[in-house]
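K.L.:
Here it is, the structure in full.
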Amino acid sequence: MILAIFITAVIQALFLYSGKVPLHWFLAPVDLMGIMIIYKLIDIASTKDYLSQVDFYAYIIFLNSLFLAPNFHFLKNFWLPWVPNHPPRWENWVLIWGLLNLIGLTLFLTIREFTQSKPRLTQTIWFFNHRRNYIIILFMIVSFAAQAMVYAKFGGISGYIREYEEARADAFRGMGYLFTISEIFPILFIIWFFLNNIGKKNIPAIKIYIFFILLFAACIYFGGLKGRRSNTIFTMFHGFFLVHLYLYRFKLQEILLALTFGMVFMLIGKVYKLIGFDAILLLKDLDFKTLFEYNARYGNGTIPTLIGDFGRCDVQSFLIYRNYVDGFPQYWGVEYFGDLIKMFPSIISDHFTDVPSKIEVGANYLYGSKTRIFGVFGEYIFNFGLSTAYLSYLIFAGMVILADRFVKMLHSNDIRLIIVPLIFNFIIIAFLSDLDNMGFFLFKRLTIPVVLLWLVSERHEVRPAE
């Protein structure tokens, strides 16, 4: 605990030394959360299998979202630049946000202390049947054909990008189920590579590098040109995790290079979302100077990317402000239903157009802006109000418990280990995102891989250990 207090104090002192982070009461709950989170991270990281623990990823996202992000927001004075009428003093609303999250984090820690369990291995192991390798290839061919149909609909890749520039999400309305098939290709590629290399010794580094180059290219070709950087980042993480644990141990410099590449991609991807095809032309000409000037101009540097894409402090504090000052109705779960129903085909969802979802409710809070994600904490406020918002951590704790039990039940030779990184991704998404994002992730990124693994596997019963 002393080490956690020391690390938190040093980090906070550095923020205060900048002169831009105010010495205000909001730091009390924020720093307490920092101590609690860093203590748990030190505890988990002291175990040899910390990368395989669900809680490790929960606390990593806690560290950024609950401790670092509030400080960075004040340091960079970066607060919802696309939303008008900000509160006169953010400190007061971040204080309330911090207190509610502190209570929630305490609940989460308490629940996890009582729900940690030793691994209870399943009695059924899924083994890969190499004679069914053709099934993976067939899935990949179908996915490739689906993506070809997508591009053909828009007259090729350039037409696809142009449509994205002009109409954004509206250009692809009604194509969700086609995208489910077409954009699964990178994950199918990961499954194929993993199953055909698992158990091999001394895999050459060049083979691993070529795999990741091809995987990144696949991420861009199969859906990446819609500007959804998180899909690419999560898919690359999926491949990186599997390779690191089971195929090839990355050296420290390789890990640092991967992290640097990921951050550069996030920055360039943000420019692409803003200016479209022109960003590709700049990248083609290796004009990184102009690309990073765009990032600076629109407030999309490294820190705004971290706090905007991997934190929700500003938007959740703004919800608290709007709720307190203007008052908003509570939807008592109806908004959750609105999120779910929008996942269904239009033939069904069109009958529920009067049911509010996070798009309509969020637009009311944000003066018409429809581009934000509110997180499990923020969406709870929509439905049940401010006073019990800390109970959203019970929802998150439930998801962590279920994920932890699934991961711990797998044997070391069970091919379902392939989907473990997707489980870790889901935990991050579950905290940062809304119900519709979680639903789409489960449907788009987990359903097809699970079906595929079932088709290519043979299931054998094993005796439980005495």
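The values are calculated or read from the model by the stated rules, or taken from the named source; none is laboratory data. Everything numeric here is computed off the predicted structure, so don't read it as measured data. Counting neighbours? That spans all protein chains shown, and the Cβs are built from the backbone with ideal geometry, glycine included.
K.L.:
Enumerate the helices (runs of 4 or more DSSP H) found wholly within the stretch 176-278, keeping only those where 2 or more residues are modelled with pLDDT under 85.
P.N.:
In the stretch 176-278, the matching helices (runs of 4 or more DSSP H) lie at 176-182, 229-242, 252-275.
K.L.:
Then there is this: Do we have residue 65 as of a type outside the set (A, V, I, L, M, F, W, C) and surrounded by 20 or more Cβ atoms within 10 Å (Cβ to Cβ) here?
P.N.:
yes
K.L.:
In the set 27, 41, 32, which member is touching a Phe, Trp or Tyr at 6+ places or on another chain (Cβ under 7 Å) and at pLDDT 90 or above?
P.N.:
41
K.L.:
Quickly run through the stretch 46-62 and pick out the residues that are within 21 Å of the chain's Cα centre (by Cα) and farther than 19 Å from residue 409 by Cβ.
P.N.:
Within the stretch 46-62, 59, 60, 61, 62 meet the criteria.
K.L.:
Give the residue, chosen from 401, 419, that is within 21 Å of the chain's Cα centre (by Cα), of a type in the set (A, V, I, L, M) and closer than 26 Å to residue 333 by Cβ.
P.N.:
The conditions single out 401.
K.L.:
Considering (1) part of a helix (DSSP H, G or I); (2) out of contact with any helix residue (DSSP H, G or I) (no Cβ under 9 Å at 6 or more places or on another chain), say which one residue 324 fails and leave the rest.
P.N.:
The number of the failed condition is (2).
K.L.:
List the helices (runs of 4 or more DSSP H) inside the stretch 1-111, counting only whole elements, that have at least 2 residues being free of Cβ contacts under 8 Å to residues at least 24 places away in the same chain and under 30 Å from residue 243 (Cα atoms).
P.N.:
27-45, 54-62
K.L.:
So, residue 282, is that one surrounded by fewer than 16 Cβ atoms within 10 Å (Cβ to Cβ), farther than 23 Å from residue 193 by Cβ, modelled with pLDDT under 70 and not β-branched (Val, Ile, Thr) or not?
P.N.:
Here the answer is no, as residue 282 does not meet what is asked.
K.L.:
Of the residues 377, 406, 384, which is over 25 Å from residue 83 (Cα atoms), hydrophobic (A, V, I, L, M, F, W, C) and in contact (Cβ under 8 Å) with a residue 12 or more places away in the chain?
P.N.:
406
K.L.:
Also, quick follow-up: Pick out the one residue from 381, 347 that is β-branched (Val, Ile, Thr), farther than 22 Å from residue 432 by Cβ and more than 19 Å from the chain's Cα centre (by Cα).
P.N.:
347
K.L.:
Hey, another quick one. Which residues, taken from the stretch 359-382, are over 19 Å from residue 428 (Cα atoms) and crowded, with 19+ Cβ neighbours inside 10 Å?
P.N.:
Passing the criteria: 361, 362, 365, 366, 381, 382.
K.L.:
Quick one: count up the residues across the stretch 330-358 that are part of a helix (DSSP H, G or I), farther than 21 Å from residue 430 by Cα and in contact (Cβ under 8 Å) with a residue 40 or more places away in the chain.
P.N.:
1
K.L.:
With the condition kept exactly as written, say whether any residue in the stretch 222-236 is surrounded by 13 or more Cβ atoms within 10 Å (Cβ to Cβ), basic (Lys, Arg), under 24 Å from residue 136 (Cα atoms) and without any contact (Cβ under 8 Å) to a residue 60 or more places away in the chain.
P.N.:
No: the stretch 222-236 contains no residue that is surrounded by 13 or more Cβ atoms within 10 Å (Cβ to Cβ), basic (Lys, Arg), under 24 Å from residue 136 (Cα atoms) and without any contact (Cβ under 8 Å) to a residue 60 or more places away in the chain.
K.L.:
What residue, among those in the stretch 112-122 that are part of a loop (DSSP other than H, G, I, E, B), over 25 Å from the mean Cα position of the chain (by Cα) and not hydroxyl-bearing (Ser, Thr, Tyr), is surrounded by the most Cβ atoms within 10 Å (Cβ to Cβ)?
P.N.:
Among residues in the stretch 112-122 that are part of a loop (DSSP other than H, G, I, E, B), over 25 Å from the mean Cα position of the chain (by Cα) and not hydroxyl-bearing (Ser, Thr, Tyr), the one surrounded by the most Cβ atoms within 10 Å (Cβ to Cβ) is 121.
K.L.:
For residue 155, only one of the following conditions fails: (1) out of contact with any helix residue (DSSP H, G or I) (no Cβ under 8 Å at 6 or more places or on another chain); (2) outside any loop (DSSP other than H, G, I, E, B); (3) surrounded by fewer than 15 Cβ atoms within 10 Å (Cβ to Cβ). What is its number?
P.N.:
The number of the failed condition is (2).
K.L.:
If you don't mind, there's one more thing I want to ask. Criterion first (closer than 30 Å to residue 319 by Cβ, assigned to a helix (DSSP H, G or I) and modelled with pLDDT under 95) does residue 164 satisfy it?
P.N.:
Against the criterion (closer than 30 Å to residue 319 by Cβ, assigned to a helix (DSSP H, G or I) and modelled with pLDDT under 95), residue 164 qualifies.
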